[in-house]
Structures are given as C-alpha cells and as structure tokens.
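Right, one structure below, let's go through it.
The values are calculated or read from the model by the stated rules, or taken from the named source; none is laboratory data. Remember, predicted model here, so these are calculated numbers, not experimental data. Neighbour counts run over all protein chains shown; Cβ positions are idealised from the backbone, glycine included. Heads up: the accessible areas ignore ligands, DNA and RNA and are worked out on the full protein's heavy atoms, side chains in. Shrake-Rupley method; radii C 1.70, N 1.55, O 1.52, S 1.80 Å.
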Amino acid sequence: MTYKEPTLDDIPASSKRWVGKDVERLEDPQLVTGNTEFIDNVAVPGMLHCAMLHSTFAHARIKNIDISEAEKLPGVIAILTGEDVHKWSNPAGGLPDGTGAYCMPLNKVSYVGEPIAAVAAESRYIAEDALDLIDVEYEPLQPVVDTLKAMETDSPLVIEELGTNIALQRNFTWGEVDKAFASADRVFTEKFRWNRMGANPIETFGCISQWNIINSEVTIRGSIQSPLFTALAAATVLDLPSNKVRIISHPRGGSFGGKGHPRGINITCMLSRKAGGRPVKWIEDRFEYLTSGASQAWDRFYEVEIALKNNGTVTGLRVKLIEDLGAFGDNYGSLAVGKPLAAFTGCYTIPVASYDISIVLTNKLPVSAYRGMGPPPHFFVLEQMMDIAARGLGMDTAEIRRKNYIQPEQFPYTIASGNVYDSGEYEKALDKVLEMGQYHELREQQEIARKEGRYLGIGIANAVEPGVFDWNAYAIVGQQGIGIPESVTVSFDVFGNITARVGFTSEGQSQYTLIAQLLADYFHRELSDINVIPLDTLSAPPAFGPGGSRLGVALAGAVMGAAKKLKQKMVTIAAQLLQSTPDMVELIDGELQVKGTPEVKMTVTEVVGVALGRSDLLPQGMEMGMEASSSWTAQDRNVADDEGRARSYLTAANACHLVLVEVDAETGETTILKYYIVDDCGTRLNPAAVEGMTQGGVAQGVAAALLEEYPYNSDGQPLASTFGDYLLPSIHEVPMTEKFAMVTPSPLSPLGAKGCGEGAIHTTPAAVLCAINDALTPFSTLAREVPASPNRLWKLIQAARQGKAEK
C-alpha cells in the first residue's frame, strides 16, 4: 500500500476555523508579560557560576597553566583545564573527517577565543576575578589567517595531524559539463567574495549543567535548539551512555543557528564533575559570543562560470568554492557547503553543472550554522551571473530569467545536482513582482535619475528555499544517515481538553500555535482548549526540533498522524455506543455521527469521557485512555551517490524579489528605496507566522548585503568584538516590503505546506547586490564582495573614475 501524505481535506471539518488563518500566538502572553523562563532566569539549589578563560593568541603552544593562585581565591570551588578535559572526555567529532577537537586544548591553542580554563565559583564576579589570577605561559606560533595562503604547501598547519590545511577537496560533476562549455556561444566568468557574518540572536547561549557523581549521569538545562541531537553529541564527548544525559531545553530568545554551543555544554558538565556534582551555570556574554561562540559563518571565495547560447539559454554552470572553516569542524559549519546541492541551479533549467569545493582550515573561530545554511551566498553569485550574462548579451535581466525558468508542467523536477523540486510557478511570480513594482516605470525613473547625476539600480533575484532537510544533503562533507523524525504525543483529559507533548521548546516561529490550530480544527476545539508541553530528552518522543525550514511541515505530518489514530479509536468506541459499525461512523465538526442518519451522534467530549471513565462501555479488549503518538519523517529519501546526488530536501519554496536602490557616488552609501516580494511556500498554515519570518529574512539579508562582517587582522585577532564594530541593521536600513503570497501546494508534503523558516535571506542579498551593480553600470564596474559597504563602493567608483580620467 502506497503511503500518502495527509491533505487539508483530511481534517474532518466542514470549514477551517484556524488552519490557514492569522491567529493570536499561544506563545505571546508569556513573552509580553515577561513570564517566559529563559535560561538566565533559572536558578537551582547549590548552583555555582562559570567564567571561562579564552586564548589571546590565534596560534601558540601552551607551555604552562598555573591555577594555584586562582584556587586560593575565596569562593572558587573548581577550575577546569585541558588536562582534566583530555582525561575525562573524548574529542567532538568534526566534519570533514579529522577536524574534530577537544572542548579545551591540552598544549596548543588554534584561534583567539578558544577556551583554555574555566572557573566555577559562588558568583560570576568571583569566577571572573579568578580568571585574572590564572597565569598562562604561551609560545607564539605563526598563525595562518589568509584562506588562500593557508592552501599553500609551506603554510603553517592548523591541525598538524592532517598534514595539510585543506580538510576536503572534491569536484562534483553532473552531466557533460566540459562539452556544454566547449559548445557554448558565450561563457562568462567572475570571482566573488562573501565575508564572514552570522547569527546574532538577542539572547546569547546559556546552560546549567549538573553531574550526578553517584549515578554518573548529567542533567543539562539550556537555550538549546535541537536538544535530542545535542544530548547524543554530549554523551559521545563525555563518554556516557546516551540514556544518562538529560537535556531540558528552555525557550530561546532567537537562535538562527547560533545556539548550538557544544563546548559550553561539555565544559560546564566537567566543571560540575570537578566541583563534586554541584550545578554550574554559564551565560555567554556578548563579547564571548562574538569572538568565541557560534556567531560566525560563510567565509567564502567563489569563481563562477556560466555557459549560454546567444538567445540567453543557460547550458552549463561551474562553481568553484573555497570555504574557510576556521580552526576546526566541530560546530557543523561545513554542512553549509553541502546544502547548495539541494537547489544548485536555482529556479532554472540548467542541464549540467559542476561544483569544485575546497574546505580550508585557518586560525580563526570555527564557523557554525546560520539561517539558510549555505545557499544564500550561492544564490548571491548565481543571480549576479544571470545579470552579467544578460548585460553581455544585451538582454533585459528579467527576460533572461524568464527564458530559463522551470515550467509548471515539468514538476516534480530533478535538478542537475540530484534533488527533486516539488512544485512552483516561477514565471507567474516574476510577472506579479514586475507588476507590483511597475518595472517599466522604474526603468524610466532610472534613466531620468542618471541624467540628473543620481545612480538608481534595479535588482531582480530568484531563489529556491529548500525545506525539510535530510542528512543525505550533507553527505559530501561526511555526514551520515537518512531520516529525521519529528514526533508528537496527543492526549485528551476527561473534560475534552487536549495536551500535546513535543521534544523541543519555542524560539519564536509559532510552532506551538500551529499544533493548536491543527488540533482545534481536527476536533472542533478552541485554541484555548489545547496546551503544548515540551519534554526533556529522556521523556520526549524522537524529535530534532527547529532547523532546516522543516518543523512546520514535519509537525503537520506528526499531528495529523496522531489525530488520525485518535479518530480511529473514537470511531470504534462511538460505533459500539451508537449500535453501528466503525465503517458507518464519521467524525465531522467535533461530532461522531452515523452516516446517513446524522442525528444519531455523540460529541468528541462524550466519547472521550467514556474512554477515560467507563471501561465497561468500551469494546472488549480496548485499553482505557485517549492518547496517541505519531512520528513523521520525509518519505522516499535515498543514499547520495558518488557525485553527492540525492533526494534530500522534500520541498522547494521559491521567491522573486524586485528592489530599487540608490547609490551615492560621493559617499558609497546605498539606500533601499523600494522592495517587492512574491513568495510561494505552498499551503500557508499560519500566514502571520510566514509574514514575520519573511520580513525577518529580509532584515538579515540586507545586513549580509550591506553591513555585517567579522574581519581579522594578520595576527588572527578578531576586529569585531562588540556591536560598535559588528554592524547590525536597524529599522532605518531595512525597508518594510510589499509582499504578495502565491500558493502552489506541494504534492509531496503534509497539507501541501513547504518549509519557509529561512525565507527571504536566500534571495535578499542577491537582489540587493544585483540592484547595486545595476546602479554602478555607468561606471563600468562591479561590486563582487559583501558586505557592499560605503567604503568598498566608494573605492570602486573612485577607481572607475580614475581609470576613465587616465584614458
């Protein structure tokens, strides 16, 4: 029997009161009244406070660490060093293979900010004072900071055991790429640079860890995004059975990938062990987050070639990527190299492509996950190459895209890199956004402005947002496994109230509200009748939690699965009580009625009351209770082949952006004047949540394009250690966009929904840079590097003017 995902028609309601509607979020009352229990609000009996000592060198031998004076400070209970760590733990695994590391080094530091000691004391003040009393003797080594120089054979080595700083080098080829380029009418080549940036949630990471000395088990409370995954990793590092590691995840003040701090967890666990089992609390300060946390991602060099026919048809794509991983691969940053395979050719029917990757180690902070997980820089280069090709062929930038779109009748569509897109209407999205922005009028406005000495630019960009990931998406960097479950347990009490138990906590994307919407419509309840409870990792059903634009879709599948099981039990009970048979009883609008005689009926609450209070009325052999669990995972996933091709991400949301900017030629400042979005994430289960995530993605995309960067000097010292150096966007830089929602339901996912949590960050950097380069056309120059800061653009313009003057 072929498995079939549930559809909206499987919700037994004559009309949907909640699903697909803007509803008030269940999470909000706690948040707006200040009653959400974030980790920094938590205190437990006997709790100590941790402060960490971080390396001030990017590369150095540790000759000696003297903690004797710090141990004498009143209030200091325990001090952890690399010696303890190497005695009590295993190194964390790394991707690619060989790039893992201990959470503290024993004899060599590899980046500024690497933790080398940790103090547990009666207060954070005492712990911080104790750090000043720890004497560390270093032998400085030559750091390698420049990514390209790190690839040279005579470069200093970051991980000496590897014998090279190139952790992984592969060239993946999909189709007859060389033949496509040899026969092309035109080939365009360009280089691009995407500088380090990353997640900056309002709340930094924090945890409280307690090692039970008697039972050799740990309990970890923290702002943890994927608790079960994190618990398994901690068990491996701490050399404990996995059922001896319990994580209690707390709600998070944002994450975006920046809340997976495995070193902080492992250090505090061992510090608690050394402190005799007393709980140890560590709250990362902002300086620590920016310089030694999970704050940095995507340090990239690109060289891209695109092959075309003279009529604008793209026939081939080559992408060469050099990714700077930092010192280690223990924080999953390399996964971002793999994800572009899920949408490598964007919205276009590019038949063949190749992907030449080099993952390089340097003496910088290891990169981590960040919203989008790799494709935003990829679309940044792909969409600019479409513009470059259009200009080279004398075509309009909108029309070259139209020429190459995948057509609706071609779905499901297998792209060159192996993933399957579920549905989309890309040309319709383009037409709508051009209509919204009055594209031809914008071009006329641009011409008038240029005659006035003003430089307006118009950018158009498309992107596909891969949704509902599977581990096979990251096989090219060594990640193993297929299948990522998400589960829910749904139960009724005797009064008909519903409790849903899940394995994750909230971080702002309205998942609890979505669960309530689905259950309320399914069983004809009010949202207030439903309570969603997070469970710890030793109690929860299998779950990954937020990440990879998957949770809304996965929860829809799990909730619908549990609801179906409950309905089947209700129907069986009602059939006996109504003197009918199960095949003749149906659930509709909260009532179980006999088909053909709807006046013969019972309410859900009445049936539940029997299930929980009258065992004598239940069918023979049926257990009491009204509870069901369901675990959902995407079907039809497969092992990646030797070229990395696999059915990895289940859904393919898409968007088309149109943006108008003005570049001030005298200052290099970019101002966004207008911004239009048409996006399609299939069935919108909660439109208000989609709206918020889309606008938030625009903010982070604008920041990537114009503002955010983590620079380092030649000694490996980070130059952005406060928000005075690392420029976050404000309401003045981020426009309120005009949006239109298209809906092409997915034929492959529960309820036709598509993953949309990453949203506009996939498209916005590309759209803004395309607009900037359109504005720079009169200067015959190109912005190839982000952020496109005023200083960078001013230098480009001045160089172009100087070149013209010399001619």
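Condition (residue is within 23 Å of the chain's Cα centre (by Cα) and in contact (Cβ under 8 Å) with a residue 40 or more places away in the chain) applied to segment 776-784: is it met by at least one residue? For segment 776-784, residues within 23 Å of the chain's Cα centre (by Cα) and in contact (Cβ under 8 Å) with a residue 40 or more places away in the chain: absent. No other residue among 28, 66, 40 is modelled with pLDDT under 95, of a type in the set (Asp, Glu) and surrounded by fewer than 20 Cβ atoms within 10 Å (Cβ to Cβ) apart from 28. In segment 473-501, the qualifying residues are those that are of a type in the set (A, V, I, L, M, F, W, C) and either over 30 Å from residue 603 (Cα atoms) or under 20 Å from the mean Cα position of the chain (by Cα) (or both), and the one that is most open to solvent (accessible area, probe 1.4 Å) is 482.
Filtering segment 510-544 to residues that are among the charged types (D, E, K, R) and open to solvent by 30 Å² or more (accessible area, probe 1.4 Å) leaves 526, 529. Of all the listed residues (490, 468), the sole one being touching a helix residue (DSSP H, G or I) at 6+ places or on another chain (Cβ under 8 Å) and over 30 Å from residue 348 (Cα atoms) is 490. Give the residues of segment 443-471 that are assigned to a helix (DSSP H, G or I) and buried (at least 18 other Cβ atoms within 10 Å of the Cβ), sorted by residue number. Selection gives 446, 471.
Regarding residue 651, is this residue closer than 23 Å to residue 443 by Cβ, crowded, with 24+ Cβ neighbours inside 10 Å and of a type in the set (S, T, N, Q)? Spelling it out, it is not the case that residue 651 is closer than 23 Å to residue 443 by Cβ, crowded, with 24+ Cβ neighbours inside 10 Å and of a type in the set (S, T, N, Q). All of (1) more than 30 Å from residue 674 (Cβ to Cβ); (2) under 22 Å from the mean Cα position of the chain (by Cα) hold for residue 726 with one exception: (1). Among the residues of segment 595-631, those identified as touching a strand residue (DSSP E or B) at 6+ places or on another chain (Cβ under 8 Å) and open to solvent by less than 20 Å² (accessible area, probe 1.4 Å) are 604, 607, 608, 611, 625, 626, 628, 630.
Of all the listed residues (46, 75, 98, 93), the sole one being more than 35 Å from the chain's Cα centre (by Cα) and open to solvent by 30 Å² or more (accessible area, probe 1.4 Å) is 46. Of the residues making up segment 681-730, those that are charged (D, E, K, R) and either in contact with a Leu (Cβ under 8 Å, 6 or more places away or on another chain) or under 27 Å from residue 192 (Cα atoms) (or both) are 708, 709, 715, 725. Look at segment 181-194: where a residue is under 18 Å from residue 376 (Cα atoms) and free of Cβ contacts under 8 Å to residues at least 12 places away in the same chain, no partner that is surrounded by 14 or more Cβ atoms within 10 Å (Cβ to Cβ) and of a type in the set (Val, Ile, Thr) sits 6+ places away or on another chain with Cβ atoms under 9 Å. Counting only strands (runs of 3 or more DSSP E) wholly contained in segment 227-333, the ones carrying 1 or more residues that are of a type in the set (A, V, I, L, M) and under 26 Å from residue 123 (Cβ atoms) occupy 245-249, 280-283. Of all residues in segment 658-707, those being within 19 Å of the chain's Cα centre (by Cα), of a type in the set (D, E, K, R) and open to solvent by 10 Å² or more (accessible area, probe 1.4 Å) number 2.
Of the residues making up segment 261-294, just one is modelled with pLDDT under 95 and in contact with a helix residue (DSSP H, G or I) (Cβ under 7 Å, 6 or more places away or on another chain), namely 262. Beta carbons closer than 6 Å, at least 6 apart along the sequence or on distinct chains, pair a first residue in segment 98-116 that is more than 12 Å from residue 85 (Cβ to Cβ) and part of a strand (DSSP E or B) with a second that is at pLDDT 95 or above and open to solvent by less than 10 Å² (accessible area, probe 1.4 Å) for 109/55; 109/60. Given the structure, is residue 180 under 30 Å from residue 315 (Cα atoms) and not charged (D, E, K, R)? When the stated conditions are applied, residue 180 passes them.
Looking only at residues in segment 568-611 that are touching a Pro at 6+ places or on another chain (Cβ under 6 Å) and part of a strand (DSSP E or B), the one that is nearest to residue 627 (Cα to Cα) is 587.
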